[in-house]
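The structure appears below as structure tokens.
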Amino acid sequence: MESSSRIRLQTLAPSLDQNTLNALADMYDGKALLGTMSENPITLDKGTRISPEQGAMLRQLMTDNSVARSLEVGFAYGFSTVWMLDALRKHSDAVHIAIDPFEKSRWKGIGLKQVDKISFKGDFRWVEDFSIHALSDLIRQSEKFDFIYIDGNHRFDDVIVDFYLCDKLAHPKALVILDDLWMPSIRSASNFIINNRNYEVEAQPISTCLYCGRLKTMSAIGNISKAS
Ligand SMILES: C[S@@+](CC[C@H](N)C(=O)[O-])C[C@H]1O[C@@H](n2cnc3c(N)ncnc32)[C@H](O)[C@@H]1O
């Protein structure tokens, strides 16, 4: 019999790759999962993941915007990563970088194991470092991304620093997403960005969960009145 998670996932994202669907169904079913650092399956903390609705929305946004290069801060069990990698499958030059200093220590490599399971053919890299260091290194390497998802440390100052660094890695017209907009710290950060930086908010169905900001293009700047 098909699990309720599998049916929900198929309804939300009918074109999910079969390997992705199998991995996500196991993950959302709440089964204990193996990690690269664990000999026995580990029961997941259900608070540390994006919902299927949010995951499907990330994937849809990436697909709609033909994203081939994506970056995320906060890897953990790999829920968001698996959704994002599925959106990259059709690009032969796909790149995804996930930053998390605690992937092996705290999360026992469960995210890495899920990525192994989905047979992703593109260039997936996990960076075992704090976001301030990893993002600064990527800036030095002149890397650029079309889609950046920030879901790491949720303190206001950490989010603003992550945003500041990610902004320097964003292609023109890139989408930058902050998760957990229900948190006061993230709301403050998103208000700061909207009022002070050259971003505009995208229409989004799950308004309490995600802030999606798109860098304004140079030609658009003159046409959009900025909040003071
Ligand atoms: C909410 S979890 C991410 C969940 C993941 N996006 C998902 O939906 O499956 C937040 C993650 O941020 C990581 N983290 C915390 N501080 C960080 C930092 N300074 N730099 C990078 N990652 C950090 C934690 O180890 C944790 O895995």
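Which one of these does Val176 not meet: (1) farther than 17 Å from Leu61 by Cβ; (2) touching a Gly at 6+ places or on another chain (Cβ under 8 Å); (3) more than 13 Å from the ligand (Cβ to nearest atom)?
Failing condition for Val176: (1).
For segment 1-53, what are the residues that are β-branched (Val, Ile, Thr) and under 20 Å from Ser119 (Cα atoms)? Steps first, answer last, please.
Pass one, segment 1-53, residues β-branched (Val, Ile, Thr): 7, 11, 20, 36, 42-43, 48, 50.
Residues satisfying the conditions are Thr20, Thr36.
Can you tell me which residues in segment 146-170 are outside any helix (DSSP H, G or I), more than 10 Å from the ligand (Cβ to nearest atom) and within 16 Å of the chain's Cα centre (by Cα)?
Passing the criteria: Asp146, Phe147, Ile148, Leu169, Ala170.
Residue by residue through segment 179-192, note down the ones that are outside any helix (DSSP H, G or I) and either within 12 Å of the ligand (Cβ to nearest atom) or buried (at least 21 other Cβ atoms within 10 Å of the Cβ) (or both). Walk me through it before giving the result.
Keep residues of segment 179-192 that are outside any helix (DSSP H, G or I), which gives 179-183.
The answer is Asp179, Asp180, Met183.
Going by the conditions given, is Val67 in contact (Cβ under 8 Å) with a residue 12 or more places away in the chain, under 17 Å from Ser119 (Cβ atoms) and under 13 Å from the mean Cα position of the chain (by Cα)? Give the steps one after another, and end with the answer.
Details: in contact (Cβ under 8 Å) with a residue 12 or more places away in the chain: yes; under 17 Å from Ser119 (Cβ atoms): no; under 13 Å from the mean Cα position of the chain (by Cα): yes.
No.
What is the one condition in (1) closer than 17 Å to Ser70 by Cα; (2) away from the ligand (no atom under 16 Å from the Cβ) that Ser119 does not satisfy?
That leaves (1) as the condition not met.
List every residue pair whose Cβ atoms sit under 6 Å apart, with the two residues 6 or more apart in sequence or on different chains, where the first one lies in segment 173-200 and is over 23 Å from Met84 (Cα atoms) and the second, anywhere, is among the aromatic types (Phe, Trp, Tyr) and part of a strand (DSSP E or B).
Ile193/Tyr199
Run Ser105 past the list (1) within 12 Å of the ligand (Cβ to nearest atom); (2) of a type in the set (Ser, Thr, Tyr); (3) surrounded by 14 or more Cβ atoms within 10 Å (Cβ to Cβ); (4) not in a helix (DSSP H, G or I) and report the number of the one that doesn't hold.
For Ser105, the failing item is (3).
In segment 71-99, which residues are within 11 Å of the ligand (Cβ to nearest atom) and either outside any loop (DSSP other than H, G, I, E, B) or on the phi < 0 side of the Ramachandran plot (or both)?
Glu72, Val73, Phe75, Tyr77, Phe79, Ser80, Thr81, Val82, Trp83, Met84, Ala98, Ile99
Each value in this text was obtained by applying a stated rule to the coordinates, not by laboratory testing. All figures in this text were calculated on a predicted structure; none of them were measured in a lab. So basically every Cβ, Gly included, is an ideal-geometry build from the backbone, and we count neighbours across all protein chains shown.
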